[in-house]
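The values are calculated or read from the model by the stated rules, or taken from the named source; none is laboratory data. Given the structure is predicted, the values throughout are model-derived calculations rather than measurements. Cβ placement follows ideal geometry from the backbone for every residue including glycine, while neighbour counts extend to all protein chains displayed. Areas reflect the complete protein model, heavy atoms only, side chains present, ligands, DNA and RNA absent. Shrake-Rupley method; radii C 1.70, N 1.55, O 1.52, S 1.80 Å.
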Amino acid sequence: MERLRRTAARVASGNAKVLITGESGVGKDLLGRFIHARSARAARPFVAINCAGVSETLLESELFGHVKGSFTGAHRDKIGLFHLGHRGTVFLDEVGEMSLRMQAVLLRFLENGEVKPVGSDAVSAAVDVRVIAATNRSLPDMVARGLFREDLLYRIMVVHLEVPPLREHREDIRALSAHIIARCGAALAISDDAMQVLERYRWPGNVRELQNVIEQLIWLRGEETVGVDDLPPAVVAAANGKVAPAHARRRQVADYP
């Protein structure tokens, strides 16, 4: 991970478009924010959107804005995220979920930087944004299957950074846990025995799952020291190579969405 951080820091100094790949929950958005924070654009906005979370029509409106009356529910003019991110960074999460039509729209923007709101006949502005895209899918495979535009892939993948799953850099679990605790403003401590269990666990949900576990411990244990018995039973069982009882597995699923 240290090599990845050094590479990301070097990339931050320029304006090249970046594609970040990796499994769900590995922290692709955190790496995007890391790059922005160390760039010359750090004082300008970092604007993020999950492309899988909105429909095609709404995604176009979110990115480019719309004019009043352009579609049902468009009761006023709206400025898009590319406009709001002028001179900053726009982070396109799950870019592989874009439809082919939206991919074409995005490609046109990347070529000329011009923002044309939905329902407008004219370009409203030319903006300067750095685009960082992320996905947990294999875009080259999608290109081969006709699901992703090859020309768009080359546009967004000027620099490619791949974030490894947490199970491949378990030596960072201690530091990540401390960072999460500090960010929550808590004084929670984790015993060495409990930390060893966390380091043995495979973390199928990656950093996101670790964050959920640590945050739950903060709310349940307050400022106490966490021992092995305080950890989720399913985590302890899996770390010890055992299958947790059914009730513990159900609780694990409910606690960590």
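Please report the base-10 log of the normalised intensity I(q)/I(0) for the stretch 55-194, using a Debye sum with one equal scatterer per alpha carbon and no solvent, at each q in 0.11, 0.14 (1/Å).
-0.58, -0.79
Put a dot 7 Å past each Cα toward the Cβ at residue 171 and residue 99; how far apart are the dots in nm?
Those two pseudo-labels are separated by 4.7 nm.
Could you state the accessible area per residue of the chain in Å², with a 1.4 Å probe and every protein chain left in place?
51 Å²
Can you compute log10 of I(q)/I(0) for the stretch 139-183 with the Debye formula, treating each Cα as one identical point scatterer, at q = 0.21, 0.32, 0.33 Å⁻¹?
The Cα Debye sum returns log10 ratios of -0.73, -1.08, -1.10.
For the ranges 9-16, 159-166, what's the packing order if you count other beta-carbon atoms within 10 Å of each residue, average per peptide, and put the highest first?
On the way: 9-16: 15.0, 159-166: 17.5.
Packing order, densest peptide first, comes out as 159-166, 9-16.
Please state, as a whole number in µm²/s, the translational diffusion coefficient that the Stokes-Einstein equation yields for the stretch 1-52 at 20 °C and 1.002 mPa s, with Rh defined as the Kirkwood radius across alpha carbon pairs.
182 µm²/s
Quick check: net charge around residue 108, other residues with Cβ under 12 Å of its Cβ, Lys/Arg +1 and Asp/Glu -1? Kindly include the intermediate steps, with their values, before the conclusion.
Numbers: positive: 101, 116, 149, 155; negative: 60, 111, 114, 151.
Summing Lys and Arg as +1 and Asp and Glu as -1 gives 0.
At 18 Å minimum axial length over the Cα atoms and a Kyte-Doolittle cut of -1.0, report the qualifying DSSP H helices in the chain, or say none. Don't jump to the answer; show the numbers that get you there.
Working: long enough: 100-112 (19 Å, 0.49); 206-221 (22 Å, -0.13).
Length and hydropathy pass: 100-112, 206-221.
Tell me, what % of the accessible area of the chain is carbon and sulfur with a 1.4 angstrom probe?
That fraction is 49 percent.
Using alpha carbon coordinates only, what is the Rg to Rh ratio of the stretch 142-227, with Rh defined as the Kirkwood radius?
With Rh from the inverse mean 1/r over Cα pairs, Rg/Rh is 1.20.
Which of the lysines could be linked to residue 68 by a straight reach, that is with a Cα gap under 26 Å, when you skip same-chain ones fewer than 8 residues away?
78, 116
Using 0.36 nm per residue of separation minus the Cα-Cα distance, give me the extension gain between residue 4 and residue 56 in nm, one decimal.
15.4 nm
Per DSSP H run of n ≥ 4, the term is -39500 (n - 2.57); total these for the chain, divide by its residue number, and report the mean residue ellipticity at 222 nm rounded to 500 deg cm²/dmol.
The per-residue figure over the chain is -12500 deg cm²/dmol.
How big is the chain by the Kirkwood estimate over distinct Cα pairs, in Å?
20.3 Å
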